[in-house]
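Undergrad: I have a structure I would like to understand better, so I am pasting it below and will then ask my questions one at a time.
The values are calculated or read from the model by the stated rules, or taken from the named source; none is laboratory data. Not measured: the values here are computed from a predicted model. As a convention, Cβ positions derive from the backbone with ideal geometry for all residues, glycine included, and neighbour counts pool all protein chains shown.
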Amino acid sequence: MEKIRIGSRPSKLALIQANYVRARLASLMPEVEVEVVGIRTSGDKLTTASLAQLGGKGLFIKELEQALGAGVVDLAVHSMKDLPARLAPQFKIAAVPERENTADVLVTRDGAALTDLPRKARLGTSSPRRRFQALRVNREISVTPLRGNVDTRIGRVADGSLDAIIVAVAGLKRLGRTGDVKFVELDAADFIPSGGQGALAIETLTEPRAGASLDLANALEAINDDAARYETAAERAFLAAIGASCTTPVGVRASIADAVLSLRAMLFSPDGSRVLTDSLEAPVEFNLAPKIAAAAGELLAKRMIANGAAAMLANE
């Protein structure tokens, strides 16, 4: 029996995501055995330092891409926001399944809102974007670095070592934690999320190996969601064009309604003292995706660079 191997980080959330893709592929290819292969990445092994100290988002995909290149796995499943804005030329995003809610949420012990947190309340996040966005809403809180998986972060609130954390609601939903965790969804106007948040990326080789399964290519096309692919293409093009790194405090969110793409972005200076926001709308042309989607992202980046983003990024 033919076998398809899916590479995944070994964390609980990553395996849930990979097994979702496995089930989708298995339903489309019943004659093929589809299995998930857990592969520890550098980002999984080094859990104490910040991403900037470790070397960036690529640490969460390096070993998975090595396994792809070596033929150990046939595809890899990532949280889209873990991917660098530009992939190496030998790899591509082959499919983007339907996207989850992109919102950030505030998790507390009592379901308090961000504005209700008292002076010196301890909020945990290692995201510069979330740090500066939270301080714009409530300057009285104390923000402390926090890494670890979602369950670990929630545990820091439950045991009282932190008063609140900010996480993506998509992670809570995929982990089945929305029923036992108290949280409030943060205002999308104040908390524009990371590019790709809520989306999964299925990565393959750009050029299939000789003898690669045509059925797999067809199955990946079948589980691709046009809207999710279009939105994330615009977001990733924006990040690449503006020159964002893994430490850049930037959020970008594309959404589609009535055949119109709305794209919004928020960029902070490295110290959070300055913030630049902009948005645009463009007609959606699915038949030309992701080229047209990418053009929208690049246009927004150029506008923001002309309005001062380049000077802000130069100080990173």
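Undergrad: Please determine whether any residue of the range 120-129 is in a helix (DSSP H, G or I) and not small (Gly, Ala, Ser).
TA: The initial filter retains those residues of the range 120-129 that are in a helix (DSSP H, G or I), namely 128-129.
Keeping just the survivors that are not small (Gly, Ala, Ser) gives 128-129.
Yes - at least one qualifying residue is present in the range 120-129.
Undergrad: Okay, moving on. Could you say whether any residue in the range 90-102 is among the acidic types (Asp, Glu), in contact with a helix residue (DSSP H, G or I) (Cβ under 8 Å, 6 or more places away or on another chain), crowded, with 17+ Cβ neighbours inside 10 Å and modelled with pLDDT of 95 or more?
TA: Scanning the range 90-102 turns up at least one residue that is among the acidic types (Asp, Glu), in contact with a helix residue (DSSP H, G or I) (Cβ under 8 Å, 6 or more places away or on another chain), crowded, with 17+ Cβ neighbours inside 10 Å and modelled with pLDDT of 95 or more.
Undergrad: What number of residues in the range 115-130 are more than 17 Å from the chain's Cα centre (by Cα), surrounded by fewer than 22 Cβ atoms within 10 Å (Cβ to Cβ) and on the phi < 0 side of the Ramachandran plot? Working first, answer last.
TA: Initially, the range 115-130 is screened for residues more than 17 Å from the chain's Cα centre (by Cα), giving 115-124.
When the remaining residues are screened for being surrounded by fewer than 22 Cβ atoms within 10 Å (Cβ to Cβ), the result is 115-122.
With the extra rule that they be on the phi < 0 side of the Ramachandran plot, the set shrinks to 115-119, 121-122.
Residues flagged as more than 17 Å from the chain's Cα centre (by Cα), surrounded by fewer than 22 Cβ atoms within 10 Å (Cβ to Cβ) and on the phi < 0 side of the Ramachandran plot within the range 115-130 amount to 7.
Undergrad: While we're looking at this one, here's another question. Quick check: anything in the range 199-216 surrounded by fewer than 17 Cβ atoms within 10 Å (Cβ to Cβ) and assigned to a helix (DSSP H, G or I)?
TA: yes
Undergrad: Have a look at Arg139, Arg119, Arg129 and point out the one that is closer than 25 Å to Arg274 by Cβ, free of Cβ contacts under 8 Å to residues at least 12 places away in the same chain and not assigned by TED's automatic domain parsing to the domain that holds Ser213. Outline the logic, then answer.
TA: On the way: Arg119 fails: free of Cβ contacts under 8 Å to residues at least 12 places away in the same chain; Arg129 fails: free of Cβ contacts under 8 Å to residues at least 12 places away in the same chain.
Being closer than 25 Å to Arg274 by Cβ, free of Cβ contacts under 8 Å to residues at least 12 places away in the same chain and not assigned by TED's automatic domain parsing to the domain that holds Ser213 holds for just one of Arg139, Arg119, Arg129, which is Arg139.
Undergrad: Of all residues in the range 135-171, count the ones that are touching a helix residue (DSSP H, G or I) at 6+ places or on another chain (Cβ under 6 Å), surrounded by 19 or more Cβ atoms within 10 Å (Cβ to Cβ) and assigned to a helix (DSSP H, G or I).
TA: Matching residues across the range 135-171 total 2.
Undergrad: Right, next: Are any of the residues in the range 155-172 more than 18 Å from Thr125 (Cα to Cα) and assigned by TED's automatic domain parsing to the domain that holds Ser142? Quick ask: steps written out before the conclusion?
TA: Residues of the range 155-172 more than 18 Å from Thr125 (Cα to Cα): none.
No.
Undergrad: Can you find a residue in the range 145-168 that is within 26 Å of Thr277 (Cα to Cα) and among the basic types (Lys, Arg)?
TA: For the range 145-168, residues within 26 Å of Thr277 (Cα to Cα) and among the basic types (Lys, Arg): absent.
Undergrad: Identify the residue in the range 242-300 that is among the basic types (Lys, Arg) and over 17 Å from the mean Cα position of the chain (by Cα) and, among all such residues, is nearest to Leu313 (Cα to Cα). It would help to see each step written out before you state the result.
TA: Just the residues of the range 242-300 that are among the basic types (Lys, Arg), to begin with: 253, 264, 274, 291.
Then drop every residue that is not over 17 Å from the mean Cα position of the chain (by Cα), which leaves 274, 291.
Details: Arg274: 11, Lys291: 26 Å.
Across the range 242-300, the extreme among qualifying residues is Arg274.
Undergrad: Something else: When residues of the range 225-261 are filtered for being surrounded by 17 or more Cβ atoms within 10 Å (Cβ to Cβ) and either aliphatic (A, V, I, L, M) or more than 19 Å from Ala85 (Cα to Cα) (or both), how many remain? Before you say what the answer is, go through the steps one by one.
TA: Here is the first cut: in the range 225-261, the residues surrounded by 17 or more Cβ atoms within 10 Å (Cβ to Cβ) are 227-242, 244, 246-254, 256, 261.
Now restrict to residues that are either aliphatic (A, V, I, L, M) or more than 19 Å from Ala85 (Cα to Cα) (or both): 227-228, 233-234, 237, 239-242, 244, 250, 252, 254, 256, 261.
Qualifying residue count, the range 225-261: 15.
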